[in-house]
Amino acid sequence: MARAPTGVALACRAGVVGRGAPVLHYVALHEAAHLLELNHSPRYWAHVARVMPGWQAHRAWLRTHGHTL
C-alpha cells in the first residue's frame, strides 16, 4: 500500500465548509483516504466506503454544485 508523505496538509474551499457537516466530512474523508491510497482505485474507494457508507450522494452533490462554491 502506498502512503502519502508525512506533513501533508489538507485544504478546503470556504464554500464547502458552509455546506454543512455531511459534505465537509466527505471532502475531509476523501482527502484523508489519500493518506492510505495515492489514487482513486477500488481500494481507495473501499477505504472511503468503510468510514462513510453512502458517500456517493455527497460526491454527486459536489459534482453538480461544486462549481458554485
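One table, with the values for the structure above:
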| quantity | calculated |
| --- | --- |
| Pairs where the first residue, in the stretch 44-69, is surrounded by fewer than 14 Cβ atoms within 10 Å (Cβ to Cβ) and the second is not in a helix (DSSP H, G or I), C-beta under 9 Å, 6+ apart | 46/37; 65/19 |
| Which listed residue is crowded, with 16+ Cβ neighbours inside 10 Å and either within 24 Å of residue 65 (Cα to Cα) or modelled with pLDDT under 90 (or both), from 8, 17, 23 | 23 |
| Top-ranked residue in the stretch 29-57 [being of a type in the set (A, V, I, L, M) and assigned to a loop (DSSP other than H, G, I, E, B); ranked as modelled with the highest pLDDT] | 52 |
| Flag for residue 24 being touching a residue at least 24 places away in the same chain (Cβ under 8 Å) and not small (Gly, Ala, Ser) | no |
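The values are calculated or read from the model by the stated rules, or taken from the named source; none is laboratory data. All values derive from a computational prediction rather than experimental measurement. Every residue, glycine among them, receives a Cβ derived from its backbone with ideal geometry; neighbour counts consider all protein chains shown.
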